[in-house]
């Protein structure tokens with residue numbers, strides 16, 4: 001379980017997060033939604049200790065990750081798989097080496113075992129056979145899927161997705177959404193999805209937290225979101241519907257609003 | 001625009017960041033398995049790949065120093081062997097290390113900053129950290145170590161090549177016969193001079209690679225930021241190399 005308690009974060013003179021609190025229970029998929037620049041990625045980086053809050057705590061399984069040594073923090077981080085917005089694939093390595101990198105670094109597996117595991121991970125993301133290709137030879141969607149294969153290679157307990165569908169066409173977005181949904185179901189991992197794509201959020205999340213004006217403005221299940229009459233949340237969802245040219249909320253929800 | 005307070009404190013903040021980065025790198029030295037493979041790759045990039053340009057620059061500077069020294073030694077009262085007595089210590093104590101330093105600042109420093117800067121802005125460094133890997137140990141330590149280990153090798157090569165080129169130019173252009181050149185060099189040779197040059201080369205290797213790593217590791221702001229870091233890495237490496245050069249001369253001579 002991940003608990004974020006009253007965190008504040010400022011960069012130079014700009015406050016990004018103020019008194020943000022959030023709980024992410026085991027086995028759930030939580031979407032953190034909000035406008036671009038609202039601090040979603042900053043919040044995500046606090047969860048894995050890439051950023052330290054100016055105030056407040058981040059607890060992973062009850063451990064305050066800002067109070068432990070760097071060595072202990074690295075141990076905590078190994079329970080996470082992170083899919084970064086641009087994939088963050090190592091461009092000096094090919095696809096196979098990218099996925100194999102965590103296995104080679106953190107396990108004592110033999111080359112044959114690593115090869116088998118990499119092939120399995122690439123198979124899970126429907127990318128068998130692209131091992132020898134360099135990241136520069138892959139499309140945006142393929143890069144994200146390879147990054148996802150790398151993120152799951154160590155069988156993490158938590159997976160964080162930072163804007164998993166941004167910059168992708170609708171069909172590729174759907175493929176990524178299906179993958180995230182399947183991984184959550186098959187591996188029973190706790191997932192945190194940072195997104196402003198409501199279409200994606202509605203498809204994959206159990207709960208959503210709406211980050212607005214530096215705070216968590218609203219938290220609830222997807223069903224509660226459908227029923228919510230919070231003006232700011234509805235305005236965000238509505239703007240998303242307009243942007244994607246179709247309704248983000250199901251017809252029943254629209255009827256009730 | 002950043003406030004006046006921010007602008008005034010920026011140099012101290014940068015210095016603190018640099019010291020903290022080096023502290024983290026130093027404490028990561030024990031994790032040899034983490035950077036072993038990268039260390040050999042970097043040693044090749046810093047050392048072997050820089051060899052052609054270092055050899056060329058050293059040869060020309062040795063030759064030019066010889067010709068210019070001969071040009072200034074016009075008095076019949078000064079023996080021609082003085083040319084060797086000036087050129088050889090100049091190469092050993094100053095030119096070999098400084099020329100290699102400037103070349104590495106431009107070639108290796110810029111490359112390190114561009115590589116790490118690109119990794120920073122494309123979140124590759126965040127990805128390493130998020131995996132639970134010590135990114136400083138994995139990226140910074142092998143680059144700085146490679147600089148410290150390979151710079152002396154390049155310095156020794158540059159010095160020999162520079163002296164050799166000076167010797168050949170002196171002989172073949174009729175400025176001074178090889179025998180006299182060598183005699184002059186031997187007469188004024190101080191055993192400490194090569195050690196001084198080696199100490200310099202170790203310090204320069206550290207200064208160039210650590211500053212370039214710092215510039216690259218803390219890059220901000222996309223492609224423009226990478227460009228800025230790369231330029232700053234080359235410029236600041238040269239500036240601190242000259243400061244270190246003077247500091248070592250005052251301290252050790």
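The values are calculated or read from the model by the stated rules, or taken from the named source; none is laboratory data. Predicted model, so just to flag it, every value in this text is computed and none were measured. No Cβ is skipped: glycine too gets one built from the backbone with ideal geometry, and neighbour counts run over all protein chains shown.
At-a-glance table
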item: Residue among A:100, A:147 that is under 16 Å from the mean Cα position of the chain (by Cα) and within 14 Å of another protein chain (Cβ to nearest Cβ); result: A:147
item: Check on residue A:87, more than 25 Å from residue A:215 (Cβ to Cβ) and assigned to a strand (DSSP E or B); result: no
item: Count of residues meeting criterion [away from chain B (no Cβ under 14 Å) and either assigned to a strand (DSSP E or B) or within 17 Å of residue A:77 (Cβ to Cβ) (or both)] in region A:22-42; result: 8
item: Check on residue B:116, part of a helix (DSSP H, G or I), within 14 Å of chain A (Cβ to nearest Cβ) and without any contact (Cβ under 8 Å) to a residue 60 or more places away in the chain; result: no
item: Selection from region B:43-58 of residues that are closer than 22 Å to residue B:206 by Cβ and more than 12 Å from every other protein chain (Cβ to nearest Cβ); result: B:43, B:44, B:46, B:47, B:48, B:49, B:50, B:51, B:53, B:54, B:57, B:58
item: Residue among A:127, A:168, A:202 that is assigned to a loop (DSSP other than H, G, I, E, B), over 25 Å from residue A:106 (Cβ atoms) and touching a helix residue (DSSP H, G or I) at 6+ places or on another chain (Cβ under 8 Å); result: A:168
item: Matching option when the condition is away from chain B (no Cβ under 14 Å), in contact (Cβ under 8 Å) with a residue 40 or more places away in the chain, over 29 Å from residue A:225 (Cβ atoms) and in contact with a strand residue (DSSP E or B) (Cβ under 6 Å, 6 or more places away or on another chain), among A:19, A:64, A:54; result: A:54
item: Of residues in region A:67-84 being part of a loop (DSSP other than H, G, I, E, B) and at the interface with chain B (Cβ under 8 Å from one of its Cβ atoms), the one nearest to residue A:115 (Cα to Cα); result: A:78
item: Options B:230, B:219, B:209; residue that is in contact with a helix residue (DSSP H, G or I) (Cβ under 7 Å, 6 or more places away or on another chain), at pLDDT 95 or above and not in a helix (DSSP H, G or I); result: B:219
